[in-house]
Structures are given as C-alpha cells and as structure tokens.
1. When T72, T218, T80, T95 are ordered from fewest to most other Cβ atoms inside 10 Å of their Cβ, what list results?
2. By how many nm would the segment from D152 to R175 grow when fully extended, if each residue of separation counts as 0.36 nm and the alpha-carbon distance is taken off?
3. Using the 10 angstrom Cβ neighbour count as an exposure proxy, how do W97, W266, W64 rank, fewest first?
4. Measure out, as a whole number of angstrom, how far apart the alpha-carbon centroids of region 211-271 and region 22-58 sit.
5. Only bridges whose two residues both fall in the chain count here: according to DSSP, what percent of them are antiparallel, nearest 5?
6. If each of L43 and K143 carries a label point 7 Å out from its Cα toward its Cβ, how far apart are those two points in nm?
7. Relative to the longest principal axis of the chain, what angle (0 to 90°, nearest 10) does the C-alpha long axis of helix 262-275 take?
8. Please arrange H108, H197, H96 by how many other C-beta atoms lie within 10 Å of their C-beta, fewest to most.
Amino acid sequence: MNDAFSGTSVLDPLAAYRITGQPYYHEVQGELAQFEAAYALRLPLMLKGPTGCGKTRLVEHMAWKLGRPLVTVACNEDMTAADLVGRYLLDADGTHWHDGPLTLAVRHGAICYLDEVVEARQDTTVVIHPLTDARRQLPLDKKGELVLAHPDFQLVVSYNPGYQSHSKDLKQSTRQRFLAMDFSYPPPEQEAQIVAHEAGVAPVLADKLVVIAQQSRTLVERGLEEGMSTRMLIHAGRLMRHGMAPEQACDLAMVRPLNDEPDLLWALKSLVDAHF
C-alpha cells in the first residue's frame, strides 16, 4: 500500500528514499570525515559552493555510507511550509493528514537534504529552526502535533554563494544553527579523474575538458556569472562517448548552457576550438 502524498510504502515509509548502490564520490579535502563527524552528533550541516561541484553527490554518497535513507527537497520560491511539513488532503475516505518530505524524514530517521535552500522563502525556512537546536522537534501546527526527531534524523542544506543577493540569503538566525563546509571545483588532476570515471572517457580527453573549464572560470571576473562546472564536463564526455564530435558535444553541454551573450559565447567557443 502506498501513501498518496509521498509515494512511500506504509510498511517502510522510507523505501523510496533508500540508496542501494554506492554513488561515486572523489574526496578532495577530508569532507567525508567531516560529514561523518557531523552525523555522529546529528548536527545540522550547510554545504556552500558553486553549481555542479559535487555537493549533492557528497550527500548521496554519505547517505549510502551511513546506511540512511535520503529525502531530497529542491527548494524554490513558491515552496510553502506546507510543502515541507505536510497538509490535509481529501480522498475517497474523507480528509486525512499526509506528511511532507521534511516530516517524513524527521519521523522515520532519514537525512533530509534541502537543496538550494536560499531559494525558499524565509517564512518557509523558519520551520526548520526547532530541528536545528537541542529541541530537535517539528511542530505541525495545522495538525496540533509535535514530532520529536528520530534519533537517526539529520538536516543538511546547500546553496550557491555566487548567486547570493540581499533578497536571497539565509538569516543569521538560521546560519548560526549549522556547521558549514565550503566547496569549490576539485584540483585539475582530481577533477579529470572524476570526469573520466563518471563520463567513461579516456583520461587524455578528461584532461582537455578540465583545461577548458579552468580557462572558462577565469572569465567569471569579465562578465561570466560562473565557469563551466564539473557536471557540465561529465555531460560533454558522455555525449562524446555516445559518438558525438567533441566540438559539438562541448558546444551543447558546456558553452551554450552557460550564457546567451554573443561575445561571451564566442570566447567560450574559442576555448573549445583551441583544444579540439
């Protein structure tokens, strides 16, 4: 039997969130041990870094390593507190309460990952405050219930500081409740290993893609919001492995998604042409 709101099994409410295969993750600077220490104490954790640098993959890998289900929420500005904690829904048998993803994780002991948490409205993110201090509890005001966090529950959030603005930032009252880990793109050698493994391409090709990405990141100070991410390199590599010409794969996965300005597109395309 399935829950209509979460799509989970009644016998195992977290069945859909269990990670069965090991997600590949290449450690850069001791982040696995840091995450593990935070989880051992059930301390809330905040991951900061650019798009596509491995924040989500780290959380997936650690959920697998720790043997915990992972409930991921992609935050957005339209997300309400009810989207997180749950709501009453009407079905053939009447009106029933259905837990939201956060409540599901709190109640049954999953890692709850709020991806790009700054995209959520501040009046929505305040619902996590009682979970991030010694109380470890979640009030369900509409239901009149106080859910005490399962001993295995942990809250993890992430965001991209490069997209911060005054209107999209975490309040200090929220920030100071979390441990924080800073992420960046891996060093070239390690990034090339990641691309070669994830895309299934030869190391020499992965090296070329990483060099192009590094050069694109130098353009951030000259009009580009962000350079090519590791994720983009993996997409390009996979297209090449599928048989697409390198120039076309790079244009499709690394150049055009990054910007719309003709001058910047020309500069990015020149980087690719120089290597292919």
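Every number in this text was worked out from the coordinates using simple rules, so none of it is lab data. Treat the numbers as computed from the prediction; the structure is a model and nothing was measured. Neighbour counts run over all protein chains shown; Cβ positions are idealised from the backbone, glycine included.
1. Ascending Cβ contact count within 10 Å gives the list T95, T218, T80, T72.
2. Once the chain is fully extended between D152 and R175, it gains 6.1 nm.
3. Fewest-to-most ranking of W97, W266, W64: W266, W97, W64.
4. 26
5. Of all bridge pairs located within the chain, approximately 40 percent are antiparallel.
6. Output for this residue pair reads 3.0 nm.
7. The angle comes out at about 70 degrees.
8. H96, H197, H108
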